[in-house]
1. So how many residues does region 211-241 have that are more than 15 Å from the ligand (Cβ to nearest atom) and either within 13 Å of Y180 (Cβ to Cβ) or in a strand (DSSP E or B) (or both)?
2. Going by the conditions given, is V14 open to solvent by 40 Å² or more (accessible area, probe 1.4 Å), in a strand (DSSP E or B) and over 22 Å from A157 (Cα atoms)?
3. Check whether at least one residue in region 192-205 is among the small types (G, A, S) and in a strand (DSSP E or B), and report yes or no.
4. Tell me which residues, restricted to region 121-152, are in a loop (DSSP other than H, G, I, E, B) and buried (at least 20 other Cβ atoms within 10 Å of the Cβ).
5. Among the residues of region 38-49, are any among the aliphatic types (A, V, I, L, M), within 15 Å of the ligand (Cβ to nearest atom) and either open to solvent by 60 Å² or more (accessible area, probe 1.4 Å) or more than 29 Å from W120 (Cα to Cα) (or both)?
6. May I ask you to say which residue of D116, D148, D107 is more than 25 Å from S47 (Cβ to Cβ) and at pLDDT below 95?
7. Which one is farthest from the ligand (Cβ to nearest atom) among residues in region 242-257 that are buried (at least 18 other Cβ atoms within 10 Å of the Cβ) and farther than 17 Å from A63 by Cα?
8. Return the pairs, sorted by first residue and then second, in which the second residue is surrounded by 18 or more Cβ atoms within 10 Å (Cβ to Cβ) and in a loop (DSSP other than H, G, I, E, B), the first residue lies in region 39-53 and is free of Cβ contacts under 8 Å to residues at least 40 places away in the same chain, the beta carbons are less than 9 Å apart, and the residues are 6+ apart or on different chains.
Amino acid sequence: MEVTKDWNGIDQVVLRNPQGASVRVSLYGGQVTSWRSDRGEELLFTSSKAIFKPPKAMRGGIAICFPQFGNCGSLEQHGFARNKTWAIDENPPPSSPEDSHDKSFVDLLLKPSEEDLKCWPHSFEFRLRVALAADGKLKLISRVRNIDGKPFSFSFAYHTYLFVSDISEVRIEGLEILDYLDNTRQRERFTEQGDAITFESEVDRVYLHSPNAVAVLDHERKRTFVIRKEGLPDVVVWNPWEKKAKAMIDFGDEEYKQMLCVDAAVIEKPVTLKPGEEWTGSVELRLVPSTFCCEGIEDLSDFL
Ligand code: TA6
């Protein structure tokens, strides 16, 4: 693990594995800002117009949305965690051998400031582990502990910008026939009908109670992202398409073609923690060989 400063003077941690894959994590927001394969290819999307300057989360990578996903109540859109400076956790609780063996990792910690407590009056400890495995897999494990005297509830998402070759050549498998809330239609509930999800216009949906593995097939690049999650029942799928892309100042007009957000999340039924309780939600991202892309993923349970 290597700690350097980005050009705003903010600490960032670089993890590397012996094969040459790497991950970069900013202490600003605990946001993963880069994940590279052992061949040096960037696997996460970052907008060329991204603003790497607090107080706004950088457009790309993987942002931590907590204690809310979306925009309701008095909290800022997607919660404050992505706009706070996290600390390196020097005394993380012991982890399972599975979460540390063969991995390069960093443990981060977020505690509420006085200012946070004014808009969300609940004391918590949020521990985030970001780990890069020897085979290049990226894993994020979030643990939220209630250290308050009363229960609290929250929603959460790993807002994950995947880098794709051409959105019209991408499909998602694993979300078929699920119910979803459509954010483009005031969160109205629909049921997915198609075989796999493809893209030809704006999509902003929360798929509910999804299986623990979802595949994003990038036909043109002949590669598939397999997303495996635990403790996170919902999946957000977002592509702003042309009109919304043009309306975002930190996003290029044509960049919607190169990105797709697929977020492991807990949204529909927020998590409630009693005093002393802890919640864990993890996501693992990996690339699988291109041969899977041609046939489709026959049985996603192979990846569980
Ligand atoms: O569902 C994804 C979403 O909530 C969209 O509605 C879209 O606004 C996106 O996240 C990005 O949000 P941000 O606050 O990062 O601009």
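The values are calculated or read from the model by the stated rules, or taken from the named source; none is laboratory data. Keep in mind the model is a prediction, meaning the values are calculated, not measured. Here the Cβ is made from the backbone with ideal geometry for all residues, glycine too, and neighbour counts use every protein chain on show. With ligands, DNA and RNA removed, areas are computed over all heavy atoms of the protein, side chains included. Shrake-Rupley method; radii C 1.70, N 1.55, O 1.52, S 1.80 Å.
1. First, the residues of region 211-241 that are more than 15 Å from the ligand (Cβ to nearest atom): 211-231, 233.
Those still in the list that are either within 13 Å of Y180 (Cβ to Cβ) or in a strand (DSSP E or B) (or both) too: 213-218, 223-230, 233.
Going through region 211-241 one residue at a time, the tally reaches 15.
2. no
3. No, region 192-205 contains no residue that is among the small types (G, A, S) and in a strand (DSSP E or B).
4. G136
5. Checking region 38-49: at least one residue is among the aliphatic types (A, V, I, L, M), within 15 Å of the ligand (Cβ to nearest atom) and either open to solvent by 60 Å² or more (accessible area, probe 1.4 Å) or more than 29 Å from W120 (Cα to Cα) (or both).
6. None of the other options fit; the residue is D116.
7. Across region 242-257, the extreme among qualifying residues is K257.
8. Going by the 9 Å Cβ cut-off, the qualifying pairs are R39/A21; G40/A21.
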